[in-house]
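J.: Mind looking over this structure? Questions follow.
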Amino acid sequence: MKIDLNADLGEGFGPWRMGEDEALMRLISSANVACGFHAGDPLIMHNTVRQAKAGGIDLGAHVGFPDLMGFGRRQMNIELKELATYVIYQLGALAGMAAVNGHRMTHMSFHGALGNRVAADAAMAEPLVAAVAAVAAFDPTLIISSSSSRAIENAAEKHGLRVATTFLADRAYDDDCLLVPRKVAGSVIKEPAAVLQRVRQLLEEGTVTSLNGKRLAVPAHSILLHGDTPGAVELARTIRREIEQAGGCITPISQLLAAS
């Protein structure tokens, strides 16, 4: 069994730091890097790219609403054509940082409120995935890393893009296998033992139990941990150990979805 272990990184701003990026990079195989809209800045992006390259880690753009104050977790009413340019802007920023550091961008993902809205809204997902298709010319291997979402999968298929389904170990799912909004009680799983049990269930059965108790199939390529979660490093270490003890191999997204 091969599976990717990834984390959202580079989510500080200026002198302010969030999470233990360097420690996490020794445990993961792919990183989703904030591109300056919900968090991050040019220097943080530059340093994160260099660390990812040094660790042989896949590099992805983590794009969100232009919402530094709200960490990209507030819904924003932005016209779709304008929002698509925001996505392209963020992808281009990370791709540029990668290019000057001799690395490459392998994937992208939607952050926070933007991710939740896109995953649940087919009418919104399509133009955003089309925006990704517009930049695929300079990197035909670009992969969309996403929690389970028929809207994103259908839009990606229409534009010839691949999707790596990601299991969010510390987030609750509803009965449609979509992420439960953070404002709902129980949406974030904070107990390490509970997170680990969810990972075990995924590895053994390929399923997750929804917030309402329904067992759902999750054909995951990747397991995501949030870098800003308290104890994220120790949790990542425990999950990696669990995967390896089960005979699994931690493998970057780009290798799992390598073109045949």
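Values quoted throughout were computed directly from the atomic coordinates according to the rules given, and no laboratory measurement underlies them. The structure presented is a predicted model; accordingly, all values stated were derived computationally and were not measured. Here the Cβ is made from the backbone with ideal geometry for all residues, glycine too, and neighbour counts use every protein chain on show.
J.: Can you run phi through the Karplus equation (6.51, -1.76, 1.60; θ = phi - 60°) for region 183-189 and list ³J(HN,Hα) in whole Hz, with x for Gly and Pro?
T.: 6, 7, 4, x, 6, 10, 8
J.: A further question follows. Residue separation times 0.36 nm, minus the C-alpha to C-alpha distance between residue 190 and residue 157: what's the value?
T.: Full extension from residue 190 to residue 157 adds 8.4 nm.
J.: Using only DSSP helix segments of four residues or longer, with each worth -39500 (n - 2.57), what per-residue ellipticity at 222 nm results for the chain after dividing by its residue count and rounding to 500?
T.: The helix-only estimate for the chain comes to -12000 deg cm²/dmol at 222 nm.
J.: Also, quick follow-up: Net charge near residue 236: determine it from the other residues with C-beta under 10 Å of the C-beta of residue 236, scoring Lys and Arg +1 and Asp and Glu -1. If you can, show how the numbers build up before the last one.
T.: On the way: positive: 26, 237, 240, 241; negative: 20, 234.
Net local charge, residue 236 excluded: +2.
J.: For the chain, what is the charge dipole size about the Cα centre, in debye to the nearest 20, if Lys and Arg each add +1 at the Cβ and Asp and Glu each add -1 at the Cβ?
T.: About 160 debye.
J.: State to the nearest 20 debye the size of the charge dipole of region 5-96 about its Cα centre, where the only charges are +1 on K and R beta carbons and -1 on D and E beta carbons.
T.: The calculation lands at about 80 debye.
J.: How far is it, in nm, from the label point at residue 41 to the one at residue 141 when both lie 7 Å from their Cα along the line to the Cβ?
T.: Roughly 3.2 nm, to one decimal.
J.: Would you pull out the residues with amide H under 5 Å of residue 164's amide H, same chain only if 5 or more places away, H placed 1.01 Å from N?
T.: Amide H neighbours of residue 164, under 5 Å, 5+ apart: 144, 145, 146.
J.: List the residues, sorted by chain then number, that are 5 or more residues from residue 9 or on another chain and whose placed amide H is less than 5 Å from its amide H.
T.: For residue 9, the qualifying residues are 32, 33, 34.
J.: Given a Förster distance of 41 angstrom, what is the FRET efficiency for residue 150 paired with residue 22, based on the Cβ-Cβ distance and rounded to 0.05?
T.: That gives a FRET efficiency of 0.65.
J.: Grab the chain and count how many Lys pairs have their alpha-carbon atoms under 25 Å apart, sequence gap of 8 or more, or different chains.
T.: 4
J.: How many angstrom lie between the Cα centre of region 35-60 and the Cα centre of region 150-164?
T.: First find each Cα centre; the distance between them is then 25 Å.
J.: How much length is gained if the chain between residue 133 and residue 121 is pulled fully straight, taking 0.36 nm per residue apart and subtracting their Cα-Cα distance, in nm to one decimal?
T.: So the chain would gain 2.5 nm between residue 133 and residue 121.
J.: Mind putting a number on the dipole of region 143-260 about its Cα centre? Charges go on the C-beta only, +1 for Lys and Arg and -1 for Asp and Glu, and I need it in Debye to the nearest 20.
T.: 120 debye
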